[in-house]
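The values are calculated or read from the model by the stated rules, or taken from the named source; none is laboratory data. Nothing here was measured: the structure is a model prediction, and the numbers come from that model. Neighbour counts run over all protein chains shown; Cβ positions are idealised from the backbone, glycine included. Side chains are part of the model used for accessible areas, which takes the heavy atoms of the whole protein and leaves out ligands, DNA and RNA. Shrake-Rupley method; radii C 1.70, N 1.55, O 1.52, S 1.80 Å.
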Amino acid sequence: MISKGRLAVICNEKSGVSKASGKDWESLTFVITTDDQYNPNLAFTTSNLVDVVKAIPIGAEVEVEWNPSSREYNGNWYSEFKAWKITQVGAAPVAPPLTSDTTDESQLPF
């Protein structure tokens, strides 16, 4: 599946060492905000795209390719969206313009 939106939050960063293989691992959750009227926020988990997600600035337009996943634990079912590709679309977001209250005249180019 493919979803488009703006990167809103990067959270739940986790890392450790696998007991079975002894290799380092890391994962995170990131949220995008879509233009949908109802339920515009989508949270995705990933373990193979951690560096890619961290390199994208908050507010940037992204396209996420993902698969839904569900599992049972103690009689309860849990679902998640597992991202397997994320692409930044277009340029990074533009910084908000300076207002007269926050303009430091010593920093002006003229």
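Positive contributions from Lys and Arg (+1) and negative ones from Asp and Glu (-1), summed over other residues with Cβ under 15 Å from the Cβ of residue 11, come out at -1.
The slack between residue 48 and residue 87, meaning 0.36 nm per residue of separation minus the straight C-alpha distance, is 12.7 nm. Maximal additional length on extending the residue 17-residue 55 stretch stands at 11.4 nm, based on 0.36 nm per residue less the C-alpha distance. Just the protein heavy atoms count here, and of the accessible area of region 1-90 at 1.4 Å, carbon and sulfur take up 50 percent.
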